[in-house]
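Structure record follows, encoded as C-alpha cells.
The values are calculated or read from the model by the stated rules, or taken from the named source; none is laboratory data. Bear in mind that the values here come from a model prediction, so they are computed numbers and not experimental data. All Cβ positions, even for glycine, are placed from backbone atoms using ideal geometry, and neighbour counts span all protein chains on display.
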Amino acid sequence: MALFTTFITSPLVMAIYKPARGVSVRTHRKLRDLSTTVSFKDELRVLACVHGPANVPSLISLIESIRSAKKAQLKLFLMRLVELTERSSSIIMVQRARKNGFPFFNRFGRGAWSDGVVSAFQAYSQLGRVSVRPTTAISPMSTMYEDVCHTAEDQRVAMIILPFHKQWRRDGDNHEATEIVSQAWRGVNQRVLQTAPCSVAVLVDRGFANTRTQRICIVFFGGPDDREALELGGRMAEHPTIKVTVVKFVEKEGLESNGLMLKPSPSESTENSYSFSTAKMDRKKEKELDEEAVAEFRSKWDGKAECVEKVAANNIVEGVLAIGSSGDHDLLIVGKGRFPSRMVAELADRHAEHAELGPIGDILASSGHGVVSSVLVIQQHDVAHSVEAPVSKVVHGDYEGFVADESSSTVLEMSKESV
C-alpha cells in the first residue's frame, strides 16, 4: 500500500508543485544602501522566515526593535518554511498554497501551529501598524534556500532573517538545555548565506522576547559584516524602549605590528573550519571605513546609544564570552567576519561548532560557556560574490597580499597595514 501511495502521490506533487528556479542574482541589497540610495531610504523591507510557533515571540521582538519611529518605514514579508514530503498532508498544503497563495493566513489546518502564528502576526500587524505580507515556501530541504532567495530578490528586501537550527531553554534549576530542531534546517541556512541577494541575519534565540525594555549590544571588531551590524543597531537606537551599546574591540598596543597569514584547511571536511573571503582587500581602506562608521554612529545617536572601547587581551574569546555571560544584554549583534580584522583572524585555527556563524558568532552560539544573551549574526551582502575558503592554520610573520602555496591554491595574508 505504501509503495502504491508513493507511486501515485509523487507524480501528483510534481504536477501541482512548480519546482524552484535556479538562483540568479539581479539585485544586490544591504542595510547600508538604505542610507545612501534615495529610492529605498524611506522603506526597510525584511524577509523573516519561521519554522514553527517557537520562532514567533523572538521574531516579533526583533522586528519591533528595528521598526523605525516612522512606522510606515518597515515592510515585513513573513515566510513559513515547510518541507515538501510525499505525505498526503503535504500534497493538500501545496494545492491550497497554489490556490490561495498564503495557506496559513487563510485558516489552513486550524491547528496549534497555524492558529498561534496567525493570531500573533495578525495582532502585531494591527497593533504595531506594520505591513505584514505572509507567504509559504513548500520545498524539499535541498532546494528550500532557492525559494527564500527568490522571494528576497522579487520583493527587493534588504535583509533575510533566519531562525537558528537549535533552540535553548532553561529547566527549573536554571540549567541550560539545547534542542536541535533539525540539522536539515542548518543546511538551509548555510545555503541561504552562500547565495542570498541581500544581507542575512541568523537569530540564535535564548529568550529574546522575555523582556519589555531591551538591552542591545553590538560587538564590533571591524569589516563589512560588523559595519552592517552597526547599521542595524542604529535603527534600534531610535526606539524608545531600547538601550543600545557598542563595544568596539581595539588591539593591545604592540600587537598591531604583528603580521598574520591564514592558510586554507588541508582537510577535505570543512565542517569545523571557518571560511574567510579570499578576495584581496585594501586593509588600510577597510580600517578607515570602520573608523568612519563608528564616528558616524557616535554622532548620529549621541545621547541615545553608548559607545565604549575595550582593549583586546591576548585571548579575545574570554572578552567576548564575558559580554555574553554578564546578563547585561538581551541581544548581542555581531558580524560574521568573512573579511576579518586581524583580531578575528587570530581565531581561524579554532575548532568551529557552527562555522556558518563565523568565529565570534560561533563562540556566542555554542553551549557550555554560560552565555545567556540571544545572538544575531549579520552577514552583509557581498556584491562581488568573492570565494570563501575554509581556514585552519595561522602563521605569524610579515606578509602582504595573496601568494601561491605548494599545498593549497590560495593563501590569505594580512600585513602590518591590515590593522
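Can you work out which of the residues in segment 244-285 that are under 30 Å from K300 (Cβ atoms), surrounded by fewer than 18 Cβ atoms within 10 Å (Cβ to Cβ) and among the charged types (D, E, K, R) is modelled with the lowest pLDDT? Per the criteria, the residue is E256. Here G222 meets the list (1) part of a loop (DSSP other than H, G, I, E, B); (2) not assigned by TED's automatic domain parsing to the domain that holds A305 almost entirely, failing just condition (2).
May I ask you to list the residues in segment 208-230 that are within 13 Å of V246 (Cα to Cα) and among the aliphatic types (A, V, I, L, M)? Correct list: I216, I218, V219, A229, L230. The lone criterion from (1) among the small types (G, A, S); (2) modelled with pLDDT of 90 or more; (3) assigned to a loop (DSSP other than H, G, I, E, B) left unmet by S299 is number (3).
Checking segment 66-75 against the condition returns a match, with at least one residue being among the small types (G, A, S) and either over 26 Å from the mean Cα position of the chain (by Cα) or at pLDDT 55 or above (or both).
What number of residues within segment 26-51 are surrounded by 16 or more Cβ atoms within 10 Å (Cβ to Cβ) and either among the small types (G, A, S) or at pLDDT 90 or above (or both)? Looking only at that region, the number is 7.
Condition check ((1) within 29 Å of A384 (Cα to Cα); (2) out of contact with any His (no Cβ under 8 Å at 6 or more places or on another chain); (3) in contact (Cβ under 8 Å) with a residue 24 or more places away in the chain) across all residues:
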position: D282; (1), (2), (3): yes, yes, no
position: A293; (1), (2), (3): yes, yes, yes
position: K304; (1), (2), (3): no, yes, yes
position: S325; (1), (2), (3): no, no, yes
position: H329; (1), (2), (3): no, yes, yes
position: F339; (1), (2), (3): yes, yes, yes
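Each row is one residue, and each column tells you yes or no for (1) surrounded by fewer than 21 Cβ atoms within 10 Å (Cβ to Cβ); (2) in contact with a Leu (Cβ under 8 Å, 6 or more places away or on another chain); (3) closer than 14 Å to E306 by Cα.
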{"site": "Q190", "(1), (2), (3)": "yes, no, no"}
{"site": "P197", "(1), (2), (3)": "no, no, no"}
{"site": "V204", "(1), (2), (3)": "no, yes, no"}
{"site": "F208", "(1), (2), (3)": "no, yes, no"}
{"site": "I216", "(1), (2), (3)": "no, yes, yes"}
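With respect to the stated conditions, I363 is surrounded by 23 or more Cβ atoms within 10 Å (Cβ to Cβ), under 16 Å from W168 (Cα atoms) and hydrophobic (A, V, I, L, M, F, W, C). Listed by position, the helices (runs of 4 or more DSSP H) inside segment 80-191 whose residues that are at pLDDT below 90 and over 30 Å from S325 (Cα atoms) number at least 2 are 88-100, 112-127.
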